[in-house]
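K.L.:
Have a look at this one before I ask anything.
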């Protein structure tokens, strides 16, 4: 090979290395970090309900509330239509071969069974932008996406929170 | 670039030993990539098996066990669910639809599933694909049966053929007095549905209606007599549930788990699958570790081969020195040789992998239900291949350094 070929080879290698970086999130506004207690309304009520029932001896230790009688929960609309990031655990609802496409973001997994499941204002229904492989239930993630109340979205009849265009990244603190 | 040409020519001159080394590296690459492909294919096959079902309900056992026997037809149920409980669940607010499943019979090794006609509309797989019929229709009559694609492919049934169902998963006891008729054949799905014979719940009741205590009673009824009886189901094995609002899925799951009339278990299929992978994950990591060790072994074999040849090549290096090659060029040449062998091994390995995949794909699917799509190499696999070639080049540094010092001390003449 002559010297010209060597130059061409080096030029080719440099071109490969000079790939333009894909700008992640540069076209999106920065996401606001939201914590689970921010999703609870200011009024009290949810926390005291189960204690009141126990004091009145209407339920015993270990008995969960009859689910039909779960009190309606208050929702917070401060974060509607905003890009938000919330830490939590993803419970996969719809899986396909490539990954999770729909899931529920919850503040805890594996809680003891005598406490009811998280109320509707502590669950976020996630719709993923692209199928995301999930390694385990026990790994916390930051979920970033467009936040909204479910009553605003069309196909969910119940009150609740929804996040669309969700992307997750591991939670490191 | 003279060293590249020299390296190539030098390797070609020793083609026998070099091709054996390339084969060793190629096989190790096949092992590593093959393990990755099967692992991902199996995971994807499992995850693609069910879609659109929010909860699976069965008698209280364990979530992985319930998922395995109801969806994947692996393992058995511990108990049944009474029809009253199923109807109660179907009436619960928040339940959009409920499909009963009844297991426990088989046909020549293929499981028989009793269900309602709604199953064919509600069962979805691979992100929303529905079941399609290649011929025939869903059941109309008590004794109609719909066959999955693999059952037809291996047993050769056609429409309107009679089919005798046996009791249990493997058995000598057949329900030959009440044959079913093939009413429909499903298209291939790549899921356990292909290996299932689907009949109506009334059909399952009819074949067991004259059974007493696990065995056939004397004076059994004919099929015509069985038709006239009340064939509404008394118990089912499991049920698939769809909810109206996914935000309420936890409360519905809790309500079913707390159902006071009967011990039941409701699982989210996605969660149960994750639990299954957590159990299997240890074996996967071990398998990955083994295949990486095999790659390392093959590369060490290559280094040994190059080292072994160094002594014989001293005259070759002296000749090169005498025509103007410096010791640095000799060293670069040997590193290039190692890189070339590793790269050729990787390329041959990939070729063997895809050839093997093309040959074995249909057999793997038919026997184990694992469908491995013939996709190209993923990003992770490409990076691993590049790392293997780089490791090969790096491993070649040791004999190259040795050659450098040999050619320095021998100078341009060598007495052999």
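K.L.:
If packing is taken as the mean number of other Cβ atoms within 10 Å per residue, what is the order of B:302-313, A:160-171, A:88-99, B:162-173, highest first?
P.N.:
Working: B:302-313: 16.1, A:160-171: 18.8, A:88-99: 21.3, B:162-173: 14.5.
The peptides rank, most packed first, as A:88-99, A:160-171, B:302-313, B:162-173.
K.L.:
Work out the mean other chain Cβ neighbour count within 10 Å for the residues of B:256-263 and drop it here as an integer.
P.N.:
1
K.L.:
Taking every eigenvalue of the Cα gyration tensor of region B:253-324, multiplying by 5 and rooting it, what semi-axes result, largest first, whole Å?
P.N.:
Details: eigenvalues 871, 22, 4 Å².
Working from the Cα gyration tensor, I get semi-axes of 66, 11, 4 Å.
K.L.:
Quick check: the distance between the Cα centres of region B:107-161 and region B:297-365, to the nearest angstrom?
P.N.:
Each part's Cα centre sits 53 Å from the other's.
K.L.:
Angle, helix B:379-395 long axis vs. longest principal axis of chain B, Cα atoms, 0 to 90°, nearest 10?
P.N.:
30
K.L.:
How far is helix B:327-368 tilted off the main Cα axis of chain B, in degrees rounded to 10, range 0 to 90?
P.N.:
Roughly 20 degrees between the two axes.
K.L.:
Here's something else I'd like to know. With no solvent and one equal point scatterer per Cα, compute the Debye intensity ratio I(q)/I(0) for region B:68-189 at 0.09, 0.14 Å⁻¹ and report its log10, rounded to two decimals.
P.N.:
-0.28, -0.68
K.L.:
Now a separate question. Using a Gaussian network for chain B with springs between C-alpha atoms less than 10 Å apart, which of these wobbles most: B:143, B:120, B:405?
P.N.:
It is B:405.
K.L.:
For chain B, what is the convex hull volume of its Cα atoms per residue in Å³? Walk me through the intermediate numbers first.
P.N.:
Values: hull volume 72.5 nm³, N = 416.
Convex hull volume per residue, Cα atoms: 174 Å³.
K.L.:
Let me ask something additional. List the equivalent ellipsoid semi-axes of region B:268-413 in whole Å, largest first, each obtained as the square root of 5λ for an eigenvalue λ of the Cα gyration tensor. Kindly include the intermediate steps, with their values, before the conclusion.
P.N.:
On the way: eigenvalues 405, 51, 28 Å².
Equivalent ellipsoid semi-axes, largest first: 45, 16, 12 Å.
K.L.:
Can you check how the C-alpha radius of gyration of region B:55-267 compares to 2.2 N^0.38 Å, as a plain ratio? Could the numbers behind the result be given before it?
P.N.:
Details: Rg = 17.0 Å, N = 213, 2.2 N^0.38 = 16.9 Å.
Taking N as the residue count of region B:55-267, the ratio is 1.01.
K.L.:
What is the angle, in °, between the Cα long axis of helix B:15-49 and the longest principal axis of the Cα atoms in chain B? Nearest 10 is fine, range 0 to 90.
P.N.:
Taking the Cα atoms of chain B, the angle to B:15-49 is about 20 degrees.
K.L.:
Over all distinct Cα pairs, what is the inverse of the mean 1/r for the protein assembly as shown, reported as the Kirkwood hydrodynamic radius in Å? It would help to have the intermediate numbers written out before the result.
P.N.:
Working: mean 1/r = 0.0346 Å⁻¹.
For the protein assembly as shown, the Kirkwood estimate is 28.9 Å.
The numbers here are math on the coordinates, done by the rules we state, and not lab data. Because the structure is a prediction, the values reported are computed rather than measured. As a convention, Cβ positions derive from the backbone with ideal geometry for all residues, glycine included, and neighbour counts pool all protein chains shown.
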